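Since the structure comes first, as structure tokens, the remarks are kept for the end.
Derivation of every value follows stated rules applied to the coordinates shown; laboratory data play no part. Everything quoted here is computed from the prediction, not taken from an experiment. For neighbour counting, all protein chains shown are included, and Cβ atoms are generated from backbone atoms with ideal geometry for every residue, glycine included.
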Amino acid sequence: MNKISDNVKILSGNEACAHAALAVGVRFFAGYPITPSSEIAEVLANELPKYDGVFIQMEDELASIGAIIGASLTGVKAMTATSGPGFSLMQENIGFAIMAEIPCVIVNVMRGGPSTGLPTLPSQGDVMQARWGTHGDHQSIALAPFSVREVFEMTVRAFNLSEKYRTPVILLLDEIIGHVNEKVVFPSENEFEIINRPKPKDKDNYLPYDETVSDIPAMANFGTGYRYHVTGLAHDETGFPTNNGEKINQLLQRLERKIIKHTEDIVQVEEFHLSDAEIGIIAYGSAARSARHAVKLARELGLKAGMLRLKTIWPFAEKQIQDFSDKVKIWIVPELNMGQIAHEVEWAVRGKVNVVKYNKVNGEPINPHEILECIKENAHV
Amino acid sequence: MFEYDYYLRKSKMPLIWCPGCGDGIILKSLIRAVHKNGFTKDNVVMVSGIGCSSRLTGYVDFNTLHTTHGRAITYATGIKLAKPHLNVIVVTGDGDATSIGGNHYIHAARRNIDLTVLLFNNQIYGMTGGQVSPTTPSGKKATTAPYGSSENIFNISGLAIAAGAPFVARSTVANPVQMERYINKALQKKGFSVVEIMTPCPTTFGRRNKLGAGVDMLKWQKENSVSIKSAEKLSPLELDEKIVTGIFVDIEKPECRTEYQKVIDQLK
């Protein structure tokens, strides 16, 4: 990390993620080394003890996610960071955190897959795993920054959403975003909002999963005098397992509702030259960097191109995409995968607009000129 | 005044366990040991995995956490590291801790984190209906070893000893006084402590292997338990069918959270 002044620094996406975590109050990190995410662990190993926090390198990713869920239950903000293979190992326990409603943040610095794949090369192949990686019906929150500055902002946001909605939040970086070095202006403490989980008030009548007041029940920290039961089994408002169909349905519907009803709060997109665009691009993460440049080049050629950048991947920006589908003639979706989000876009536009995929899975980033060619090819269709 | 009820969630009873199961005997010994140690209920966190043993957490009036299969020790590690003043007890079984969760078991022992692990060894997967476990003796039958197990078993206590745990003991539900004493010592130990408790499963292990009802299996435990001292005089062949009980290790060793605190304090 190079320091320009006290609050302006040059640092990589992974470093920015670690520093943002400290700024938002993370005091526990458990992880397992994996390329290209390890710098996040390394920075936090160095910094956390200075903040009275704890860093631990666990024996594997199953253990890492278990440890952060345990730590979070005691009221400490906790996170882990990994890449594809480790993210796969974490899935069952991500489901636990969804079911038991334990806030935590999982950073996945995506690399090429499947399997060991391409450890040092970028990919966006885990966006669907971020949505459906764990078993059973569930909602998912996943964010995808496209610059180092945005890594900082979105790490803060990931924790805020996690605490606010009591659910794990997945921060999707990729190898490019994790390793690129850029200038970041560190916001001072009062310049960003910090949201903490809803707290209970009444010790005697505490129901850990009470839904009568809010879809997001108040969460008591372990060891603070509220003795309650937490389980991954289907449970009722008391926290204890139940086989009562009505109670099970109530729980699963609430878990769904607490995210779906707040889509507007969670989903963020950025428009780039989109107001008069005829050729629309939908992109996220590192592919959006190339797409942004391609839009500029296309505009220089007089082509009306624009981009809708997904800052939130899940829940999906269905409404925003539909709104612009009345204006654009085509959507081009460049991705470092075989078209995982393009399929979602196709579903969202319901056949109203043609969706063209532009995909790359050979470990190379997408060159802006490749997207420009794609824009040109589709400009006069 | 000691009362079991003070520590129990009686509204959650009857217990899920079958008639003749030893797990209820462990529950009582555990409560007596917690009481003896004078732990306040608010400061006890009991963490379990998946299986018959792990349903114990639902019945005790502590901060209780019923996690995923094999991972109880990892959740407990996070809790202890984040809030070291809490008394963190893990309740797990032979399949949970040494099959699917084996890696966490040995690493927690190596790391020496201050957790107390009660490992219910019933030599079978009871909850799922009697499948072979890493401690099902070779030759014994299970639904997934219908002709008798062809494999060797884990020595669960031996595993913890080899991995460096500073307190390791084995007892049986046939000897609840001894079991309680060992749990008591394990709770006092500053470090990773394991009490392996042999507990009969008449429903899915005993019946299939013609070992009789719960009482018969308890009698067998009683007749075939030998202390470490007596075991020294027996040959490996003679020990084959015996349960060696006693405290195998009881030493002092640097505990990882305490050591980490020194790092934090140095950086201040």
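Loop sites only, by DSSP: take the GluC sites (Glu not before Pro) in chain B that have at most 10 other C-beta atoms within 10 Å and name the longest stretch containing none of them.
B:4-240
Out of all DSSP beta bridges in the range A:229-381, what portion is antiparallel? Express it as a percent rounded to 5.
Bridges in the range A:229-381 are about 25 percent antiparallel.
Using the Cβ atoms and a cut-off under 11 Å, what net charge is assigned to the surroundings of A:LEU372, where Lys and Arg are +1 and Asp and Glu are -1?
Spelling it out: positives minus negatives among the neighbours equals -1.
Compute the long axis of helix A:61-73 from its Cα atoms, compare it with the longest principal axis of the Cα atoms of chain A, and write down the angle in degrees, 0 to 90, nearest 10.
Once rounded, the angle reads 60 degrees.
In the neighborhood of A:LYS304, defined by Cβ-to-Cβ distances under 11 Å, what is the net charge if each Lys or Arg adds +1 and each Asp or Glu adds -1?
Summing Lys/Arg as +1 and Asp/Glu as -1 gives +1.
For B:LYS233, go through the lysines and keep the ones whose alpha-carbon is under 17 Å away, minus same-chain ones fewer than eight residues off.
Straight-line reach from B:LYS233, under 17 Å: B:LYS242.
For chain A, find the longest principal axis of its Cα atoms and tell me its angle to the long axis of helix A:340-349, 0 to 90°, nearest 10.
80
Lysine pairs, Cα distance under 16 Å, 8 or more residues apart or cross-chain: how many in the range A:270-379?
For the range A:270-379, the number of qualifying lysine pairs is 13.
Which aspartates and glutamates have a Cα less than 15 Å from the Cα of B:LYS219, not counting those fewer than 8 places away in the same chain?
B:GLU241
With a 10 Å cut-off between alpha carbons and a GNM built on chain A, which of A:ASN190, A:ASN243, A:ASN93 moves the most?
Taking springs between Cα atoms under 10 Å, the residue moving most is A:ASN190.
Under 19 Å between alpha carbons, and skipping anything fewer than 8 positions from B:LYS262 in its own chain: which lysines qualify?
Result set, ordered by chain and number: A:LYS50, B:LYS80, B:LYS83, B:LYS190, B:LYS253.
Pick from A:MET154, A:MET110, A:MET338: which residue has the top mean-square fluctuation in a GNM of chain A where Cα pairs under 10 Å get a spring?
Of A:MET154, A:MET110, A:MET338, the Gaussian network model singles out A:MET338 as fluctuating most.
Using the number of other C-beta atoms within 10 angstrom as an exposure proxy, rank A:ASP215, A:ASP202 with the fewest first.
On the way: A:ASP215 17, A:ASP202 9.
By the 10 Å Cβ count, ascending, the order reads A:ASP202, A:ASP215.
Most fluctuating residue of A:VAL213, A:VAL355, A:VAL76 in a GNM of chain A with Cα springs under 10 Å: which is it?
A:VAL213
Treating only the Cβ atoms of Lys and Arg (+1) and Asp and Glu (-1) as charged, compute the dipole magnitude of the range B:7-267 about its Cα centre; round to the nearest 20 debye.
Around 500 debye, computed over the range B:7-267.
So if I place +1 on the C-beta of Lys and Arg and -1 on the C-beta of Asp and Glu, and nothing else carries charge, what would the dipole magnitude of the protein assembly as shown be about its Cα centre? I want it in debye, nearest 20. Before the final figure, lay out the partial values.
Details: 69 positive and 70 negative charges, 295 e Å.
Charge dipole, the protein assembly as shown, about its Cα centre: 1420 debye, nearest 20.
Can you give the angle from 0 to 90° between the axis of helix B:102-111 and the longest principal axis of chain B, with both taken from C-alpha atoms, to the nearest 10?
40
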